[in-house]
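For reference, the structure is listed below as structure tokens.
The values are calculated or read from the model by the stated rules, or taken from the named source; none is laboratory data. Quick caveat: nothing in here was measured; it's all calculated off a predicted structure. Cβ placement follows ideal geometry from the backbone for every residue including glycine, while neighbour counts extend to all protein chains displayed.
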Amino acid sequence: MKCPFCRQSNSHVIDSRLGKDGEMIRRRRECMVCSRRFTTYERVEEAMPMVVKKDGRREAFDRLKITNGLKRACEKRPVSMDAIEAMADRIERGVQERGEKEVLGSIIGEAAMRELHDTDAVAYVRFASVYRSFKDLNEFMAELEDLLNQRTNRAGPESPRKTGAARRARRKSAGADNPPTPPLAGNEPV
Ligand SMILES: [Zn+2]
């Protein structure tokens, strides 16, 4: 930090305190060349990019919109508000970590889909059906089947989180060359 008086960059901090709102640090510095004192402020850069909509409009990133979308998808599902906030946190962080000035709305939508996919199948399908506006029932069923297969595979031997149920299921199907894909019926209602 250059001294505002003599333009030399050797200074040391003689006092450092947090601003009233806790979002800023005020530092009192002393120039080691001319010994004059000056103050610097340090705050987190508000680096949320603008969201680019399908029609090209830009709007400010709005976390509330994401939280509301997730909440709607999780209505009457066993998903806690903490879980919803945690999903919104990860989506927000993901967007921020891209470090770009703009982000496509679809990237946020896809991130929300991934979060819901890992959280609650019904909430995911609800969100996906609105978000992707499936053209017809076949497309929708293909997506659903895909999802169910992925969930089945995740309980497989490669999964780091082996549940007792998964182990039992594997023992049961041991010996079968092609364990059957579970039918759609009998899974969670949509
Ligand atoms: Zn100076």
*Kindly list the number of the only condition in (1) under 37 Å from the mean Cα position of the chain (by Cα); (2) assigned to a loop (DSSP other than H, G, I, E, B) that fails for residue 8.*
(1)
*Any chance you could count how many residues in the stretch 56-76 are modelled with pLDDT of 90 or more, closer than 16 Å to residue 106 by Cα and in a loop (DSSP other than H, G, I, E, B)?*
2
*Hey, can you tell me all the residues within the stretch 32-52 that are of a type in the set (Gly, Ala, Ser) and within 16 Å of the ligand (Cβ to nearest atom)?*
35
*Which of the residues that make up the stretch 27-55 are surrounded by 13 or more Cβ atoms within 10 Å (Cβ to Cβ), assigned to a loop (DSSP other than H, G, I, E, B) and of a type in the set (S, T, N, Q)?*
none
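Test residue 19 against the stated conditions and say whether it is outside the structural domain of residue 127 (by TED's automatic domain parsing) and among the small types (Gly, Ala, Ser).
In short, yes.
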*Return the residue satisfying two criteria in turn: it lies in the stretch 76-122 and is β-branched (Val, Ile, Thr) and touching a Gly at 6+ places or on another chain (Cβ under 9 Å), and of such residues it is surrounded by the fewest Cβ atoms within 10 Å (Cβ to Cβ).*
107
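In the list 29, 63, 58, which residue meets the criterion of being in contact with an Asp or Glu (Cβ under 9 Å, 6 or more places away or on another chain), in contact (Cβ under 8 Å) with a residue 24 or more places away in the chain and within 16 Å of the ligand (Cβ to nearest atom)?
29
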_Please verify whether residue 35 is at pLDDT 90 or above and on the phi > 0 side of the Ramachandran plot, treating the condition exactly as stated._
yes
_Taking the criterion of being free of Cβ contacts under 8 Å to residues at least 40 places away in the same chain, under 16 Å from residue 111 (Cβ atoms) and away from the ligand (no atom under 16 Å from the Cβ), would at least one residue in the stretch 8-15 satisfy it?_
no
*Residue by residue through the stretch 11-29, note down the ones that are more than 34 Å from the chain's Cα centre (by Cα) and acidic (Asp, Glu).*
15
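Quick test for you: out of 143, 102, 158, 92, pick the one residue that is acidic (Asp, Glu) and at pLDDT below 50.
Every option except 158 fails the conditions.
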